[in-house]
1. Under a Cβ-Cβ cut-off of 10 Å, what is the net charge of the residues other than Thr85 that fall near it, where Lys and Arg count +1 and Asp and Glu count -1?
2. Using a basic spin-label model with each label point 7 Å from the Cα along Cα→Cβ, how many nm lie between Met268 and Asp389?
3. Rounded, prolate or oblate: pick one for the chain, where a ≥ b ≥ c are the square roots of the eigenvalues of its C-alpha gyration tensor, a/c under 1.5 means rounded, and failing that, prolate if a/b is larger than b/c, else oblate.
4. Determine the sum of side-chain charges near Tyr300: Lys and Arg each +1, Asp and Glu each -1, restricted to other residues whose C-beta is under 11 angstrom from that of Tyr300.
5. Pull out the extension gain between Glu226 and Ala63, defined as 0.36 nm times the separation in residues minus the alpha carbon to alpha carbon distance; nm, one decimal.
6. Putting +1 on Lys and Arg Cβ atoms and -1 on Asp and Glu Cβ atoms, find which of Gly84, Ile315, Phe239 reaches farthest to the positive end of the dipole of the chain.
7. With labels modelled as points extended 7 Å from the Cα through the Cβ direction, what inter-label distance (nm, one decimal) is found for Asp344 paired with Lys211?
8. Which net charge results when you count Lys and Arg as +1 and Asp and Glu as -1 among the other residues whose beta-carbon is under 11 Å from that of Met331?
Amino acid sequence: MPVSGWSTAEMMGRDLIGVGRSNNPDPREAGAEAAHRAADMLRTADEPAWVLMFCGGKHDPSAVLAGLRSVVGSVPVVGGSAAGTVTSAGFGYSGFEVAVGLFPATLGLPDILVDDGLLEGEAAAGRRLGESLRGLAGDDRVVLLFYDSLAATDPPRLHPASPLVDGIYDGMGEGAGEGGRPCRPHLVGAGALTDMNLSDGYVFDGTRPKKHSAVAVVLPAAITAETAILHGCVPVSSFMTITDIDGAEVFELDGKPALDVIETMLGMDIADDDGRNLSLMVTLGEKHGDPFADYDENRYVNRLILQVASDRRSITLFEPDFRRGSVVQIMSRDNGLMVQSVRDGVRLMNRRVSGQRPLMALYIDCAGRASARSGSEIEEAEVLLDEIDIRAPLLGFYSGVEIAPVDEMRSRPLDWTGVLTVLCYNG
(Lines give C-alpha, C1' and ligand atoms only; values in the text may rest on other atoms or scores of the structure.)
Protein backbone atom coordinates (compact mmCIF):
# COMPACT_ATOMS: atom_id res chain seq x y z
CA MET A 1 0.00 0.00 0.00
CA PRO A 2 1.49 3.40 -0.93
CA VAL A 3 2.53 5.75 1.86
CA SER A 4 -0.46 7.67 3.27
CA GLY A 5 -2.65 6.20 0.53
CA TRP A 6 -0.83 7.96 -2.30
CA SER A 7 -0.96 6.43 -5.73
CA THR A 8 2.18 5.16 -7.44
CA ALA A 9 2.13 8.22 -9.72
CA GLU A 10 2.01 10.54 -6.71
CA MET A 11 4.84 8.61 -5.05
CA MET A 12 7.03 9.01 -8.12
CA GLY A 13 6.29 12.71 -8.34
CA ARG A 14 7.39 13.93 -4.92
CA ASP A 15 10.39 13.76 -2.59
CA LEU A 16 9.61 11.77 0.53
CA ILE A 17 13.05 12.49 1.98
CA GLY A 18 14.48 16.00 1.99
CA VAL A 19 18.23 16.59 1.65
CA GLY A 20 19.96 19.89 2.34
CA ARG A 21 23.55 21.12 2.38
CA SER A 22 25.43 24.12 3.79
CA ASN A 23 29.05 25.24 3.95
CA ASN A 24 28.49 28.19 6.26
CA PRO A 25 31.52 28.59 8.57
CA ASP A 26 29.22 29.37 11.50
CA PRO A 27 28.24 25.93 12.86
CA ARG A 28 24.82 26.86 14.24
CA GLU A 29 23.88 28.68 11.04
CA ALA A 30 25.21 25.77 8.96
CA GLY A 31 22.96 23.30 10.81
CA ALA A 32 19.93 25.55 10.42
CA GLU A 33 20.60 26.29 6.73
CA ALA A 34 21.02 22.63 5.83
CA ALA A 35 17.83 21.76 7.72
CA HIS A 36 15.83 24.56 6.06
CA ARG A 37 16.98 23.48 2.59
CA ALA A 38 16.10 19.87 3.32
CA ALA A 39 12.69 20.86 4.67
CA ASP A 40 12.03 22.88 1.50
CA MET A 41 12.47 19.68 -0.53
CA LEU A 42 9.78 17.85 1.43
CA ARG A 43 6.53 18.31 -0.43
CA THR A 44 4.34 16.65 2.17
CA ALA A 45 2.56 18.00 5.21
CA ASP A 46 4.61 15.71 7.47
CA GLU A 47 7.16 16.96 9.95
CA PRO A 48 10.56 15.21 9.99
CA ALA A 49 10.58 12.21 12.32
CA TRP A 50 14.35 11.60 12.33
CA VAL A 51 17.48 12.96 10.69
CA LEU A 52 20.65 11.64 9.07
CA MET A 53 23.41 14.28 9.38
CA PHE A 54 27.11 14.56 8.51
CA CYS A 55 29.37 17.43 9.62
CA GLY A 56 32.75 18.66 8.44
CA GLY A 57 35.60 18.54 10.94
CA LYS A 58 35.99 22.29 11.40
CA HIS A 59 32.55 22.55 12.98
CA ASP A 60 31.56 22.13 16.62
CA PRO A 61 29.06 19.26 16.30
CA SER A 62 27.00 20.37 19.30
CA ALA A 63 26.52 23.81 17.75
CA VAL A 64 25.54 22.30 14.39
CA LEU A 65 23.07 20.06 16.19
CA ALA A 66 21.57 23.05 17.98
CA GLY A 67 21.12 24.86 14.67
CA LEU A 68 19.45 21.82 13.13
CA ARG A 69 17.09 21.44 16.07
CA SER A 70 16.08 25.08 15.87
CA VAL A 71 14.39 24.02 12.62
CA VAL A 72 13.28 20.39 13.12
CA GLY A 73 12.84 20.14 16.88
CA SER A 74 14.04 17.35 19.17
CA VAL A 75 13.90 14.46 16.74
CA PRO A 76 16.53 11.66 16.73
CA VAL A 77 19.69 12.55 14.79
CA VAL A 78 22.16 9.90 13.61
CA GLY A 79 25.25 10.05 11.42
CA GLY A 80 28.53 11.68 12.39
CA SER A 81 31.62 13.54 11.34
CA ALA A 82 32.73 13.62 7.72
CA ALA A 83 35.81 14.72 5.82
CA GLY A 84 33.39 16.31 3.33
CA THR A 85 29.94 15.89 1.86
CA VAL A 86 28.27 15.19 -1.48
CA THR A 87 24.71 16.15 -2.43
CA SER A 88 22.90 16.91 -5.65
CA ALA A 89 23.70 20.59 -4.96
CA GLY A 90 27.46 19.98 -4.95
CA PHE A 91 30.37 18.48 -3.05
CA GLY A 92 33.32 19.68 -1.02
CA TYR A 93 35.81 18.86 1.72
CA SER A 94 36.78 22.23 3.19
CA GLY A 95 35.68 21.07 6.66
CA PHE A 96 32.68 23.43 6.82
CA GLU A 97 30.21 21.21 4.96
CA VAL A 98 27.02 20.02 6.66
CA ALA A 99 24.57 17.69 4.90
CA VAL A 100 21.27 16.41 6.31
CA GLY A 101 18.52 14.06 5.25
CA LEU A 102 15.05 14.51 6.79
CA PHE A 103 12.90 11.37 7.04
CA PRO A 104 9.14 11.84 7.59
CA ALA A 105 7.01 9.66 9.87
CA THR A 106 5.04 8.42 6.86
CA LEU A 107 7.95 6.09 6.07
CA GLY A 108 7.92 4.61 9.56
CA LEU A 109 10.36 5.03 12.44
CA PRO A 110 13.75 3.29 12.68
CA ASP A 111 15.16 1.35 15.60
CA ILE A 112 18.37 3.06 16.80
CA LEU A 113 20.86 0.91 18.70
CA VAL A 114 23.98 2.34 20.36
CA ASP A 115 27.08 0.80 21.93
CA ASP A 116 29.60 3.05 23.66
CA GLY A 117 32.27 0.41 24.28
CA LEU A 118 34.63 0.61 21.30
CA LEU A 119 37.60 1.49 23.54
CA GLU A 120 37.07 -1.70 25.56
CA GLY A 121 37.05 -3.82 22.40
CA GLU A 122 35.54 -3.50 18.94
CA ALA A 123 34.59 -7.19 18.67
CA ALA A 124 32.72 -7.16 21.99
CA ALA A 125 30.91 -3.94 21.02
CA GLY A 126 29.91 -5.56 17.74
CA ARG A 127 28.60 -8.67 19.48
CA ARG A 128 26.43 -6.57 21.77
CA LEU A 129 25.02 -4.68 18.79
CA GLY A 130 24.45 -7.96 16.96
CA GLU A 131 22.60 -9.44 19.92
CA SER A 132 20.35 -6.36 19.96
CA LEU A 133 19.85 -6.60 16.20
CA ARG A 134 18.80 -10.24 16.41
CA GLY A 135 15.06 -10.32 15.89
CA LEU A 136 14.99 -6.75 14.55
CA ALA A 137 16.99 -7.23 11.35
CA GLY A 138 16.05 -10.26 9.28
CA ASP A 139 17.07 -11.05 5.74
CA ASP A 140 17.36 -7.96 3.52
CA ARG A 141 16.32 -5.55 6.29
CA VAL A 142 18.36 -2.39 5.72
CA VAL A 143 20.73 -1.47 8.57
CA LEU A 144 22.95 1.63 8.57
CA LEU A 145 26.07 1.38 10.74
CA PHE A 146 28.20 4.36 11.79
CA TYR A 147 31.14 4.25 14.16
CA ASP A 148 33.86 6.60 15.37
CA SER A 149 37.04 5.72 13.42
CA LEU A 150 39.61 7.27 15.79
CA ALA A 151 40.59 5.37 18.92
CA ALA A 152 43.44 7.79 19.70
CA THR A 153 44.96 10.86 18.09
CA ASP A 154 48.53 10.99 19.50
CA PRO A 155 49.75 8.90 17.82
CA PRO A 156 46.77 8.22 15.52
CA ARG A 157 45.20 4.82 16.19
CA LEU A 158 42.06 3.57 14.50
CA HIS A 159 39.12 1.56 15.71
CA PRO A 160 39.38 -1.29 13.16
CA ALA A 161 36.11 -2.09 11.42
CA SER A 162 36.66 -5.79 10.78
CA PRO A 163 36.32 -6.99 14.42
CA LEU A 164 33.33 -4.69 14.87
CA VAL A 165 31.54 -6.12 11.83
CA ASP A 166 32.57 -9.70 12.65
CA GLY A 167 31.23 -9.17 16.16
CA ILE A 168 27.90 -7.97 14.79
CA TYR A 169 27.47 -11.14 12.75
CA ASP A 170 28.54 -13.27 15.73
CA GLY A 171 25.99 -11.50 17.91
CA MET A 172 23.23 -12.03 15.36
CA GLY A 173 24.00 -15.75 15.40
CA GLU A 174 25.34 -16.01 11.88
CA GLY A 175 24.29 -19.34 10.39
CA ALA A 176 21.36 -19.75 12.81
CA GLY A 177 18.60 -18.45 10.56
CA GLU A 178 15.61 -20.45 9.39
CA GLY A 179 16.61 -23.76 7.84
CA GLY A 180 20.21 -23.15 8.90
CA ARG A 181 20.63 -20.21 6.53
CA PRO A 182 22.63 -17.22 7.75
CA CYS A 183 20.46 -14.22 8.60
CA ARG A 184 21.75 -11.43 6.37
CA PRO A 185 20.45 -7.89 6.75
CA HIS A 186 21.51 -5.37 4.11
CA LEU A 187 24.24 -3.77 6.23
CA VAL A 188 25.78 -0.56 4.88
CA GLY A 189 27.89 1.90 6.82
CA ALA A 190 31.08 3.81 7.48
CA GLY A 191 33.76 4.87 9.90
CA ALA A 192 33.40 8.57 10.71
CA LEU A 193 36.35 10.99 10.32
CA THR A 194 36.58 14.74 10.78
CA ASP A 195 39.16 15.19 8.00
CA MET A 196 41.60 13.42 5.68
CA ASN A 197 44.44 13.66 8.22
CA LEU A 198 42.79 11.28 10.69
CA SER A 199 42.50 14.09 13.25
CA ASP A 200 39.37 12.90 15.02
CA GLY A 201 35.91 11.39 14.61
CA TYR A 202 32.52 11.11 16.28
CA VAL A 203 29.01 9.80 15.70
CA PHE A 204 25.56 11.14 16.48
CA ASP A 205 23.76 8.58 18.63
CA GLY A 206 20.24 9.96 18.23
CA THR A 207 20.61 12.66 20.87
CA ARG A 208 24.19 14.02 20.85
CA PRO A 209 27.70 13.60 19.38
CA LYS A 210 29.77 10.79 20.93
CA LYS A 211 33.28 9.33 20.82
CA HIS A 212 34.19 5.62 20.76
CA SER A 213 30.65 4.60 19.87
CA ALA A 214 28.90 2.59 17.20
CA VAL A 215 25.32 3.24 16.08
CA ALA A 216 23.13 0.81 14.14
CA VAL A 217 19.97 2.20 12.51
CA VAL A 218 17.41 -0.43 11.49
CA LEU A 219 15.30 1.18 8.79
CA PRO A 220 11.56 0.52 8.56
CA ALA A 221 10.67 -2.73 6.80
CA ALA A 222 9.11 -0.89 3.84
CA ILE A 223 12.51 0.57 2.90
CA THR A 224 14.69 -1.68 0.75
CA ALA A 225 18.10 -1.05 -0.79
CA GLU A 226 20.22 -1.63 -3.87
CA THR A 227 23.98 -1.29 -3.32
CA ALA A 228 26.99 -1.13 -5.64
CA ILE A 229 30.67 -1.25 -4.70
CA LEU A 230 32.82 1.09 -6.82
CA HIS A 231 36.61 1.02 -6.64
CA GLY A 232 38.08 0.14 -10.04
CA CYS A 233 41.01 -1.85 -8.61
CA VAL A 234 41.91 -4.72 -10.95
CA PRO A 235 44.07 -7.79 -10.30
CA VAL A 236 47.61 -7.70 -11.73
CA SER A 237 48.85 -10.93 -10.18
CA SER A 238 47.81 -14.54 -9.90
CA PHE A 239 46.24 -15.80 -6.68
CA MET A 240 48.69 -15.98 -3.78
CA THR A 241 48.36 -17.34 -0.26
CA ILE A 242 49.30 -15.38 2.83
CA THR A 243 51.71 -17.74 4.60
CA ASP A 244 52.83 -15.46 7.46
CA ILE A 245 50.87 -12.61 9.03
CA ASP A 246 50.54 -10.98 12.42
CA GLY A 247 47.48 -8.76 12.81
CA ALA A 248 47.60 -6.37 9.86
CA GLU A 249 51.31 -6.96 9.10
CA VAL A 250 51.85 -9.36 6.20
CA PHE A 251 55.27 -11.03 6.20
CA GLU A 252 54.97 -13.67 3.49
CA LEU A 253 53.08 -14.35 0.28
CA ASP A 254 53.47 -17.90 -1.05
CA GLY A 255 56.38 -18.40 1.34
CA LYS A 256 58.31 -15.38 0.04
CA PRO A 257 58.83 -12.04 1.81
CA ALA A 258 55.76 -9.92 1.03
CA LEU A 259 57.76 -6.81 0.16
CA ASP A 260 59.98 -8.82 -2.21
CA VAL A 261 56.89 -10.08 -4.04
CA ILE A 262 55.47 -6.57 -4.50
CA GLU A 263 58.84 -5.13 -5.54
CA THR A 264 59.21 -7.84 -8.18
CA MET A 265 55.69 -7.20 -9.45
CA LEU A 266 56.27 -3.43 -9.68
CA GLY A 267 59.87 -3.67 -10.88
CA MET A 268 61.09 -1.19 -8.27
CA ASP A 269 62.71 -1.00 -4.85
CA ILE A 270 60.44 0.28 -2.09
CA ALA A 271 61.84 2.17 0.90
CA ASP A 272 60.20 2.59 4.31
CA ASP A 273 59.02 6.11 3.50
CA ASP A 274 57.33 4.94 0.28
CA GLY A 275 54.35 3.45 2.10
CA ARG A 276 51.93 6.23 1.17
CA ASN A 277 53.09 6.24 -2.46
CA LEU A 278 52.68 2.47 -2.58
CA SER A 279 49.08 2.81 -1.40
CA LEU A 280 48.41 4.99 -4.44
CA MET A 281 49.66 2.25 -6.77
CA VAL A 282 48.49 -1.12 -5.43
CA THR A 283 46.25 -2.75 -2.85
CA LEU A 284 45.98 -6.33 -1.65
CA GLY A 285 42.62 -7.77 -2.68
CA GLU A 286 40.63 -10.84 -1.64
CA LYS A 287 38.07 -12.18 -4.11
CA HIS A 288 34.84 -13.60 -2.70
CA GLY A 289 32.57 -16.12 -4.36
CA ASP A 290 33.71 -18.21 -7.31
CA PRO A 291 37.46 -17.56 -7.76
CA PHE A 292 37.18 -18.42 -11.45
CA ALA A 293 34.26 -16.11 -12.18
CA ASP A 294 34.79 -13.12 -14.45
CA TYR A 295 36.11 -9.95 -12.83
CA ASP A 296 33.47 -8.08 -10.83
CA GLU A 297 34.57 -5.33 -8.46
CA ASN A 298 31.63 -6.15 -6.17
CA ARG A 299 33.38 -9.44 -5.31
CA TYR A 300 36.63 -7.88 -4.04
CA VAL A 301 37.66 -6.63 -0.62
CA ASN A 302 40.75 -4.45 -1.06
CA ARG A 303 43.16 -3.48 1.67
CA LEU A 304 45.27 -0.34 1.46
CA ILE A 305 48.97 -0.70 2.29
CA LEU A 306 49.66 1.71 5.15
CA GLN A 307 53.38 1.19 5.50
CA VAL A 308 56.33 -1.02 4.61
CA ALA A 309 59.18 -2.30 6.75
CA SER A 310 62.26 -2.92 4.63
CA ASP A 311 64.12 -4.61 7.49
CA ARG A 312 61.32 -7.15 8.02
CA ARG A 313 60.35 -7.20 4.31
CA SER A 314 56.74 -6.79 5.36
CA ILE A 315 53.71 -4.64 4.50
CA THR A 316 51.07 -3.40 6.93
CA LEU A 317 47.45 -3.22 5.80
CA PHE A 318 44.65 -0.85 6.84
CA GLU A 319 42.59 -3.62 8.48
CA PRO A 320 43.64 -6.76 10.42
CA ASP A 321 41.10 -9.11 8.84
CA PHE A 322 43.28 -11.16 6.46
CA ARG A 323 44.57 -14.43 7.95
CA ARG A 324 47.21 -17.06 7.37
CA GLY A 325 45.79 -19.00 4.42
CA SER A 326 43.86 -16.06 2.94
CA VAL A 327 44.07 -16.12 -0.86
CA VAL A 328 44.80 -12.67 -2.27
CA GLN A 329 45.92 -10.83 -5.38
CA ILE A 330 47.93 -7.68 -5.96
CA MET A 331 45.48 -5.11 -7.31
CA SER A 332 46.32 -2.10 -9.45
CA ARG A 333 44.94 1.18 -8.07
CA ASP A 334 44.67 3.74 -10.83
CA ASN A 335 42.81 7.07 -10.88
CA GLY A 336 41.53 6.49 -14.40
CA LEU A 337 40.12 3.11 -13.41
CA MET A 338 38.56 4.68 -10.31
CA VAL A 339 36.74 7.32 -12.33
CA GLN A 340 35.60 4.80 -14.94
CA SER A 341 34.33 2.54 -12.18
CA VAL A 342 32.12 5.34 -10.87
CA ARG A 343 30.84 6.16 -14.34
CA ASP A 344 30.00 2.53 -15.18
CA GLY A 345 28.65 1.68 -11.73
CA VAL A 346 26.31 4.67 -11.54
CA ARG A 347 24.94 3.98 -15.00
CA LEU A 348 24.27 0.39 -13.99
CA MET A 349 22.55 1.54 -10.79
CA ASN A 350 20.33 3.87 -12.83
CA ARG A 351 19.10 0.80 -14.68
CA ARG A 352 18.82 -1.37 -11.55
CA VAL A 353 16.37 0.98 -9.83
CA SER A 354 14.42 1.86 -12.96
CA GLY A 355 10.78 1.08 -12.24
CA GLN A 356 11.30 1.04 -8.48
CA ARG A 357 10.33 3.86 -6.14
CA PRO A 358 13.63 5.42 -5.02
CA LEU A 359 13.62 7.50 -1.85
CA MET A 360 17.25 8.62 -1.58
CA ALA A 361 20.70 7.77 -2.91
CA LEU A 362 23.34 7.40 -0.17
CA TYR A 363 26.99 7.67 -1.25
CA ILE A 364 29.72 6.66 1.19
CA ASP A 365 33.04 7.69 -0.33
CA CYS A 366 36.55 6.90 0.92
CA ALA A 367 38.21 10.23 1.76
CA GLY A 368 41.37 9.09 0.00
CA ARG A 369 39.55 9.10 -3.34
CA ALA A 370 39.14 12.89 -3.30
CA SER A 371 41.53 14.53 -5.76
CA ALA A 372 43.31 16.37 -2.93
CA ARG A 373 44.40 12.97 -1.61
CA SER A 374 44.50 10.73 -4.68
CA GLY A 375 46.03 13.22 -7.11
CA SER A 376 43.28 12.52 -9.65
CA GLU A 377 42.70 15.31 -12.15
CA ILE A 378 38.99 14.47 -12.07
CA GLU A 379 36.88 14.44 -8.91
CA GLU A 380 35.05 11.13 -8.92
CA ALA A 381 32.24 12.76 -6.91
CA GLU A 382 31.72 15.09 -9.85
CA VAL A 383 31.42 12.07 -12.16
CA LEU A 384 28.80 10.65 -9.78
CA LEU A 385 26.78 13.86 -10.00
CA ASP A 386 27.09 13.95 -13.80
CA GLU A 387 25.95 10.35 -14.25
CA ILE A 388 23.32 9.73 -11.60
CA ASP A 389 19.81 9.72 -13.04
CA ILE A 390 17.57 8.69 -10.15
CA ARG A 391 14.41 10.59 -9.22
CA ALA A 392 15.42 11.02 -5.60
CA PRO A 393 17.77 13.26 -3.61
CA LEU A 394 21.42 12.35 -3.00
CA LEU A 395 23.17 12.43 0.37
CA GLY A 396 26.86 11.51 0.53
CA PHE A 397 29.94 11.98 2.66
CA TYR A 398 33.67 11.23 2.75
CA SER A 399 34.54 8.46 5.22
CA GLY A 400 37.43 6.50 6.69
CA VAL A 401 36.08 2.99 6.06
CA GLU A 402 33.15 1.85 3.95
CA ILE A 403 30.95 -1.16 4.76
CA ALA A 404 28.75 -2.97 2.22
CA PRO A 405 27.56 -6.43 1.15
CA VAL A 406 30.28 -8.19 -0.87
CA ASP A 407 29.15 -10.48 -3.68
CA GLU A 408 25.56 -9.77 -2.51
CA MET A 409 26.30 -11.69 0.66
CA ARG A 410 27.81 -10.81 4.03
CA SER A 411 28.82 -7.18 4.53
CA ARG A 412 32.51 -6.39 5.01
CA PRO A 413 34.68 -3.33 5.63
CA LEU A 414 36.20 -1.90 2.45
CA ASP A 415 39.11 0.40 1.55
CA TRP A 416 39.45 2.91 -1.28
CA THR A 417 35.82 2.39 -2.24
CA GLY A 418 32.71 4.32 -3.10
CA VAL A 419 29.54 2.62 -1.87
CA LEU A 420 26.39 3.72 -3.67
CA THR A 421 23.15 2.63 -1.99
CA VAL A 422 19.73 3.58 -3.28
CA LEU A 423 16.96 3.36 -0.69
CA CYS A 424 13.61 2.40 -2.23
CA TYR A 425 10.05 2.22 -0.95
CA ASN A 426 8.50 -1.24 -1.12
CA GLY A 427 5.42 -0.85 1.06
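1. Summing Lys/Arg as +1 and Asp/Glu as -1 gives -1.
2. Spacing of the two 7 Å Cα→Cβ label points: 3.9 nm.
3. prolate
4. The answer is -1.
5. 55.3 nm
6. Gly84
7. 4.3 nm
8. That sum, taken over residues with Cβ under 11 Å, equals -1.
The values are calculated or read from the model by the stated rules, or taken from the named source; none is laboratory data. Owing to the predicted nature of the structure, the values given are computational and were not obtained by experimental measurement. As a convention, Cβ positions derive from the backbone with ideal geometry for all residues, glycine included, and neighbour counts pool all protein chains shown. Ligands, DNA and RNA are stripped out before the accessible areas are found, and what is left, the full protein with its side chains, is counted by its heavy atoms. Shrake-Rupley method; radii C 1.70, N 1.55, O 1.52, S 1.80 Å.
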